Amino acid sequence: VRIDVNRSVSEANDAIAEKIVHSLSGKMILCINVMGAPGSGKTTVLEAIVPQIGAARIAVIQGDLESDIDKKRMEALDVPTYQINTHSGCHLNAVQIEDAIRELDLEGRRFLFIENVGNLVCPANKRIGQHLNIVVSSTAEGSDKPRKYPIIFKDADAVVVSKHDLSTAVGFDESTYLIDIQKMNPHAKLVKTSSKDSSSFRALAKWLEHEWKRFYSQARPAQG
Ligand SMILES: Nc1nc2c(ncn2[C@@H]2O[C@H](COP(=O)(O)OP(=O)(O)OP(=O)(O)O)[C@@H](O)[C@H]2O)c(=O)[nH]1
Ligand SMILES: [Mg+2]
């Protein structure tokens, strides 16, 4: 008898992920998996949208190999944050998120952001209990990234083109980049951001509020 271990592990993960989605949906919380290369600006994006959405409506799960640097950055803005250290793991899984949610007080929260381990490969196409995927992709990484790492871009509900202020300095070919994304994922919301301009994050905050309403405007929170 041959047992496909990878398949049964991924089925067990997906079953837990589905349970998380169900439970968060019952609480009218939208869970967003934030992915992107190391240093692409994931934490910066989260920091920038806190004042726009309101710290009281947000909770964060941080995934990193080591350290609690990003957890501290979110806590400095009064956002309850749980840090997962994967040590050698190159992406988060649903069991880790289930454990993290148990430790977080989500009362009154509308958004649970999960900052995944910085990586354009491993976190792609993984179910961890998210309703939506955001990929943060900086101009400094180069305009060929969608073509070279299509899996993560194809599965994105929104792509944040970060570090737009560096566009000219790094020779970012925006039209090629946008055409490639449009081809592989025409429905993805595209937002250009720069940490030098807080208003550039408004479109992302607005999109998130819009998505929350799309999921929950007809819903009533589940009892208990
Ligand atoms: N010029 C510029 N720098 C930025 C921008 N966004 C982020 N940075 C810088 O890029 C570096 C990495 O930003 P982070 O937000 O920590 O990136 P991250 O994706 O969370 O990094 P990891 O969690 O380590 O994968 C920091 O030095 C930021 O200050 C931007 O829009 N413009
Ligand atoms: Mg980070």
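The values are calculated or read from the model by the stated rules, or taken from the named source; none is laboratory data. In this text, all values refer to a predicted model and were calculated from it rather than measured experimentally. Positions of Cβ are backbone-derived with ideal geometry, glycine not excepted, and every protein chain shown enters the neighbour counts. The protein model used for the area step is the full one, side chains on, heavy atoms only, and it has no ligands, DNA or RNA in it. Shrake-Rupley method; radii C 1.70, N 1.55, O 1.52, S 1.80 Å.
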How much accessible area per residue does the range 22-144 have, counting only protein heavy atoms and a probe of 1.4 Å, in square angstrom?
37 Å²
Which log10 I(q)/I(0) values, to two decimals, does the range 71-149 give at q = 0.27 Å⁻¹ under the Debye formula with one point per Cα?
-1.47
Sorted by average packing, counted as other Cβ atoms within 10 angstrom per residue and highest first, what order do 83-93, 98-108, 121-131, 154-164 take?
154-164, 121-131, 83-93, 98-108
What do you get for Rg/Rh of the range 158-224 when both radii come from the Cα atoms and Rh is the Kirkwood radius?
1.14
Could you calculate, for the range 1-71, the ratio of the Cα radius of gyration to the Kirkwood radius, expressed as Rg to Rh?
1.08
Within the chain, which whole H helices from DSSP have a Cα span along their axis of at least 18 Å and a mean Kyte-Doolittle hydropathy of -0.5 or more, if any?
5-26
Charge dipole (debye, nearest 20) of the chain; +1 at Cβ of Lys and Arg, -1 at Cβ of Asp and Glu
620 debye
Mean projected area (nm²) from the convex hull of Cα positions in the range 94-222 is 9.2 nm²
In whole Å, largest first, the alpha carbons of the chain cover along the principal axes 51, 50, 37
At a temperature of 4 °C and a viscosity of 1.567 mPa s, determine how fast the range 1-128 diffuses translationally according to Stokes-Einstein, using the Kirkwood radius over alpha-carbon pairs as Rh; express D in µm²/s, rounded to the nearest whole number.
86 µm²/s
Computed over all unlike Cα pairs, the Kirkwood hydrodynamic radius of the range 113-164 in Å stands at 11.5 Å
Per the chain, cysteines lacking a partner by the 4.7 Å Cβ criterion:
31
How much of the accessible area of the chain, in percent, comes from carbon and sulfur atoms when a 1.4 Å probe is used?
52 percent
